[in-house]
Structures are given as structure tokens and as C-alpha cells.
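Written out below as C-alpha cells is the structure these notes cover.
Here, each number is a calculation from the coordinates, and none is a lab measurement. Because the structure is a prediction, the values reported are computed rather than measured. In this analysis, Cβ positions are derived from the backbone assuming ideal geometry, glycine residues included, and neighbour counts consider all displayed protein chains.
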Amino acid sequence: MTTISTNESSPARGQPVAAGAALLRTGPDRDCPLCPRLADFREAARAREPQWFNAPVPSFGDTDAALLIVGLAPGMQGANRTGRPFTGDYAGDLLYATLLEYGFAKGVYQARPDDGLTLVDCRISNAVRCVPPQNKPLPAEINSCRQFLIATIQTMPRLRAIVALGRVAHESTLKALGLRSSAAPFAHGATHQAGALRLYDSYHCSRYNTNTRVLTPEMFRSVFAQVRADLNK
Ligand code: SF4
């Protein structure tokens, strides 16, 4: 585990901030224009699939949760279609099964937003709220959307643990906390202590990563087993 100095001037500095929370916008407008390429992509998806959600996907779970999971961005046929993070594609199958196993969710995951599944002491968000072409947001888009990640973190007063799914989520979370990535290099299974927060790294639970065995279900479960053990201390 690395311990990161948090004495830099920063928006969050490794500490959730509740003060002024009501003034922070944790979610963008449905027609957020800040990333023109993604706005165009969103409009094209609306024209092609008018029944789909096709908008910035809001976070899922209560703001008083101790655990925040940060993904990369909505998948076209997953969260972009259904409107709930990780819902409707393979990544959600593994994520929600794991959350149910470790008590961070209850109910039955049925890959649709009205399946009644609820999160327990857990919230899920994305580094980028709009679906990007080929699942690859540009650096400028990650930077533009970070304001919503910062606000999400700052409005979680009980936050103690963040699981970053993949390198992009890891680096954007570090920046949201006002920390340098050189102080906390990404590695699957690595943990980084930043003030009162602990950041846990995992490879993203995408179908590609699991098909290529970059990430096995056991590797993924081990991350959440550690989070559960730490939060139970
Ligand atoms: S990715 Fe984020 S900042 Fe960019 S258009 Fe979507 S909601 Fe706005």
C-alpha cells in the first residue's frame, strides 16, 4: 500500500467534504454540451435508438455510502441504453454479482434499472458520464467531466473507500482528489491511502479483460474482499 501526501491545494485532498454540498452539482444536464464530440455521438444515438437513455448517466446509490466505485464511462448497450451504471452489459454481470456477494448490494440483478436491486453502503459513478466512441474518451473529455466526479466525492460525507476500475478511473480519481499519479501508480490490487480515504485499484471488469484473462472473477472478488474487510474494521 502506498501512502499519499495530501497536503497539496486541491478540490478534495483525500477528504470528502460535506460543507456546501447543497451548492455542488454532482450531475450534468441531460444535454451537457461540454464535450462536443460526445454530444454529437449522443445525438446520433438518440436518432438511431430513441427508446434508449442516451444521456449522461447519473450515479447510482446513496450519497451517505462509505464506498464509491468509479468506472470509465457508460457502455453503448449498457448504461447508455438503460440509464443505470453498469446495467445491461457484461461488465455489470460481474460487478453486481460481486457486490451482492460482499454485501454491497441486495436484491436480484436482472440487467434493467427497474429490477429492484439496491446498493448497500455503496455508490457507483463513472469518470466520464457520456458514452464515448469505442469506449475511449479523449483526455480533454475526461478532464471536462472530472468536475462531476469531484462533486460526487465531495458530497459523500461518510466516504472511506474508492474502487477505481481501470487506469483512466484511477488517474481521474487521483486528480479529483488533487493528487499526482506518480505518487500512486496504478496496479491491479494496489491500495493507496490518501488521508482518510483508501483508493483500491482493479482492472476494469469489461468483457475484453475477462475474455483475455487479464482479469479473472477471482482477481476481481479479491479487491472487494479487501474493501469489505477494511470497512468492517
Ligand atoms: S462527458 Fe461529462 S462533461 Fe462531457 S458532455 Fe458528457 S456529461 Fe458533459
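Annotations for the structure displayed:
- Shape metrics for segment 46-128, restricted to C-alpha atoms - Rg then Dmax, Å: 12.2, 40
- Fluctuation leader among 167, 48, 30 - the chain, Gaussian network, Cα springs under 10 angstrom: 48
- Cα gyration tensor shape for segment 184-233, rounded if a/c is under 1.5, else prolate or oblate: oblate
- Here r is the Cβ-Cβ distance between residue 44 and residue 213 and R0 is 30 Å; the resulting FRET efficiency, rounded to 0.05, is 0.30.
- Rg and Dmax [Cα atoms of the chain; Å; Rg one decimal, Dmax integer]: 16.5, 50
- HN-Hα J in Hz across segment 117-125 - Karplus 6.51, -1.76, 1.60, θ = phi - 60°, x for Gly and Pro: 5, 10, 8, 10, 6, 8, 9, 10, 9
- Amide H contacts under 5 Å for residue 190, placed H, 5+ residues apart: 201
- Computed [θ] at 222 nm, deg cm²/dmol, the chain (DSSP H ≥ 4; -39,500 (n - 2.57); rounded to nearest 500): -9500 deg cm²/dmol
- The phi-based Karplus calculation (6.51 cos²θ - 1.76 cosθ + 1.60; θ = phi - 60°) puts the 3J(HN,Hα) values of segment 93-98 at 4, 6, 5, 5, 4, 6 Hz, whole numbers, x for Gly and Pro.
- Gyration tensor (alpha-carbon) shape descriptor, segment 151-213, a/c threshold 1.5: prolate
- Centroid-to-centroid, using Cα positions, segment 70-84 and segment 115-178 are 12 Å apart.
- Sequentially through segment 56-72, phi angles give Karplus couplings (6.51, -1.76, 1.60; θ = phi - 60°) of x, 8, x, 5, 10, x, 6, 6, 8, 6, 8, 10, 10, 9, 10, x, 7 Hz, Gly and Pro residues having no value and appearing as x.
- Of the residues 87, 118, 173, the one that moves most in a GNM of the chain with alpha-carbon contacts below 10 Å is 118.
- Amide H partners (placed H, <5 Å) of residue 123, local residues excluded: 67, 68, 69
- From most to least packed by mean Cβ count within 10 Å, the peptides 89-97, 187-195, 126-134, 69-77 give 69-77, 126-134, 89-97, 187-195.
- Cα gyration tensor shape for segment 106-233, rounded if a/c is under 1.5, else prolate or oblate: rounded
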